[in-house]
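Just so it is clear, none of the values below were taken in a lab; they were calculated from the coordinates. Please read all numbers here as calculations on a predicted model, not as lab measurements. Note that each Cβ is placed from the backbone with ideal geometry, even for glycine, and that neighbours are counted across all protein chains shown.
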Amino acid sequence: AQSVSQHNHHVILSEAASLELGCNYSYGGTVNLFWYVQYPGQHLQLLLKYFSGDPLVKGIKGFEAEFIKSKFSFNLRKPSVQWSDTAEYFCAVSPSSNTGKLIFGQGTTLQVKP
Amino acid sequence: DGGITQSPKYLFRKEGQNVTLSCEQNLNHDAMYWYRQDPGQGLRLIYYSQIVNDFQKGDIAEGYSVSREKKESFPLTVTSAQKNPTAFYLCASSKTGGHTGELFFGEGSRLTVL
């Protein structure tokens, strides 16, 4: 069965620290990859996505993610976090030949201390 | 403004009662989805619909039912057969069912069974 695993459930950082959130998926075929973010009190929104091409993708607010096919990973990074990055982050995967199913990871809560 | 409207935002019900959660979108999207969000488990797909008058079960469909009589509307009924219905329910839509684009989420409905 397809699955998505996020390694860190709760991350606490100080402002200006670098961020890397791990995401690994289990699926043997071609996939589309996503990171979604849920800021406190707001609805889920897309942070960035990868379909094909350059494995390093850039999203909103200075976030980027790198797809490493051999490791089945799609880790999210940001060089310097801000207090406003405090949120819950979800990695998600869909098979490229999908039937409409998007599979989410368990989520990582990021707390940035000012 | 275009978007997804879920109602009610908070709902309480007694055990043994069915309850229906509303989801309406004015984005002219073909596909709509229902997810359940529980702490530490991320989002799990309940049902999805890629076109009017058609829908498919997700990973945790037992105890739930849906209908898709109109493009704009995708109501979810939580039946008394659902063993653990207390949760946060998210409705989403996308332009197509192929996940080549992003999901747009509503603000969610929190159901508590007393």
Note to self: Placing +1 on the Cβ of each Lys and Arg and -1 on the Cβ of each Asp and Glu in the protein assembly as shown, which of B:THR20, A:PRO95, A:VAL112 has its Cα farthest towards the positive end of the resulting dipole?
What the structure shows: B:THR20
Next item on the list: Provide the per-residue ³J(HN,Hα) series for the range A:54-68, in order, calculated from phi with Karplus coefficients 6.51, -1.76, 1.60 and θ = phi - 60°, each as a whole number of Hz, with x at glycine and proline positions.
Entry: 4, x, 9, 10, 10, x, 6, 6, x, 7, 9, 9, 10, 8, 10
Item checked: Cβ-placed point charges (K, R +1; D, E -1), dipole of the range A:14-114 about Cα centre in debye, nearest 20 -> 160 debye
Item checked: Net charge over other residues, Cβ less than 13 angstrom from the Cβ of B:PRO85 (K, R count +1; D, E count -1) -> +2
Note to self: Please compute the contact order of chain B in relative form: average sequence separation of alpha-carbon pairs under 8 Å and at least six residues apart, divided by the residue count, as a percent.
What the structure shows: 35 percent
Next item on the list: Run down the lysines and flag those whose C-alpha is under 28 Å from the C-alpha of B:LYS95, throwing out any fewer than 8 positions away in its chain.
Entry: A:LYS49, A:LYS58, A:LYS61, A:LYS69, A:LYS101, B:LYS9, B:LYS57, B:LYS70, B:LYS71
Notebook entry, point to check: Given +1 on the Cβ of Lys and Arg, -1 on the Cβ of Asp and Glu, and no further charges, what dipole in debye does the protein assembly as shown carry about its Cα centre, rounded to the nearest 20?
Noted result: 240 debye
Notebook entry, point to check: Near A:SER14, within a Cβ-to-Cβ distance under 14 Å, what is the net charge of the other residues, with Lys and Arg +1 and Asp and Glu -1?
Noted result: 0
Next item on the list: Report the charge-dipole magnitude of chain B in Debye, nearest 20, computed about the Cα centre from +1 at each Lys and Arg Cβ and -1 at each Asp and Glu Cβ.
Entry: 300 debye
Notebook entry, point to check: Which ordering of A:ASP85, A:ASP54 is given by a fewest-first count of other beta-carbon atoms within 10 Å?
Noted result: A:ASP54, A:ASP85
Item checked: Partner aspartates and glutamates for A:LYS71 [C-alpha distance under 18 Å; skip if fewer than 8 residues away on the same chain] -> A:GLU20, A:ASP54
